[in-house]
1. Would you mind telling me the share, in percent, of accessible area of the chain contributed by carbon and sulfur at probe 1.4 angstrom?
2. Would you please give the residues with an amide H less than 5 Å from that of Gly16, counting only those at least 5 places away or on a separate chain, with H modeled from the backbone geometry?
3. Can you order the peptides 179-186, 57-64 by their average number of other Cβ atoms within 10 Å per residue, highest first?
4. If you put +1 on each Lys and Arg Cβ and -1 on each Asp and Glu Cβ, how big is the dipole of the chain around its Cα centre, in Debye rounded to 20?
5. Could you order peptides 112-122, 135-145 by the average number of other Cβ atoms within 10 Å of their residues, highest first?
6. What is the sum of charges, Lys and Arg at +1 and Asp and Glu at -1, for the other residues whose Cβ falls under 15 Å from the Cβ of Glu135?
7. Where does each of 147-153, 80-86 land if you order them by average Cβ count within 10 Å, highest first?
8. Please give the calculated 222 nm ellipticity per residue for the chain, where each DSSP H segment of at least 4 residues contributes -39500 (n - 2.57) and the sum is spread over every residue; nearest 500 deg cm²/dmol?
Amino acid sequence: EFHGPTGGIGHGTIIGGRYLLTHNHYPITAAALNNGGEGLVTAVSVFRANGDIVLLKAPLVYFKVIRDEPEMLLLDFQAYSGVGFFESLGVPSIEWRDGNTPLLRVGSEVAQVNWDGSTARVDWVRVEAVNLDSEVATVELNNFVEQGASGGGVFYDGILIANNWARQTERLESGAVVRQYSVAALNPTQVLALAG
């Protein structure tokens with residue numbers, strides 16, 4: 001959670017004991033975050049999946065934005081005496097993978113982070129479409145995630161492949177709902193391969 005006049009919430013995945021991978025559609029830019037928040041954001045809080053506090057209203061100097069990709073921010077919370085910030089607090093994380101992911105197809109089952117407004121959980125869902133023909137490569141998932149689940153990880157065969165981006169509703173002209181689903185932005189291989 002970013003605190004301040006243009007703060008916001010989202011989910012993220014801790015990687016390598018020190019990095020936090022999340023979305024980048026907060027109402028503040030990566031440059032402004034690296035510039036002390038420019039009065040728009042004043043502090044950051046991080047919580048575990050069950051809502052327990054990891055970091056509460058800490059100054060923005062606790063991290064730096066080291067990657068700003070379409071629909072993705074990579075925050076570095078640093079290492080101290082060779083130990084990653086989150087690792088030093090006993091917060092579990094995933095390890096970097098080389099990006100050699102099994103072929104994702106329509107019908108593949110993935111694990112998607114979702115929440116109920118206070119506690120995060122994993123939903124096992126199916127891929128309905130893979131879209132590679134736009135600025136942001138995405139997958140459509142047959143799950144209508146809750147508001148605030150943006151940035152939550154999507155995992156395939158144990159590998160982080162995407163982050164929740166949005167949820168969509170398709171309607172007929174009458175207003176009747178035809179389909180509800182979520183869209184996740186696929187992570188660029190170069191970010192997942194970052195070995196720090």
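1. Values: 4850 of 9830 Å².
So the carbon and sulfur contribution to the accessible surface is 49 percent.
2. Counting only residues 5 or more places away or on other chains, the set is Ile94, Glu95, Trp96.
3. On the way: 179-186: 21.2, 57-64: 14.9.
The peptides rank, most packed first, as 179-186, 57-64.
4. Working: 12 positive and 21 negative charges, 63 e Å.
Here the size comes out at about 300 debye.
5. Working: 112-122: 15.4, 135-145: 18.7.
Ranking, from highest mean packing down: 135-145, 112-122.
6. Numbers: positive: none; negative: Asp68, Glu69, Glu71, Asp133.
Neighbourhood net charge equals -4.
7. Numbers: 147-153: 23.4, 80-86: 14.3.
So the order, starting with the most tightly packed, is 147-153, 80-86.
8. On the way: 3 runs with 13 residues, N = 196.
Dividing the helical sum by the residues of the chain leaves -1000 deg cm²/dmol.
The values are calculated or read from the model by the stated rules, or taken from the named source; none is laboratory data. All of these numbers come straight from a predicted model, not from anything done at the bench. In this analysis, Cβ positions are derived from the backbone assuming ideal geometry, glycine residues included, and neighbour counts consider all displayed protein chains. Side chains included, ligands, DNA and RNA excluded: accessible areas come from the protein's heavy atoms. Shrake-Rupley method; radii C 1.70, N 1.55, O 1.52, S 1.80 Å.
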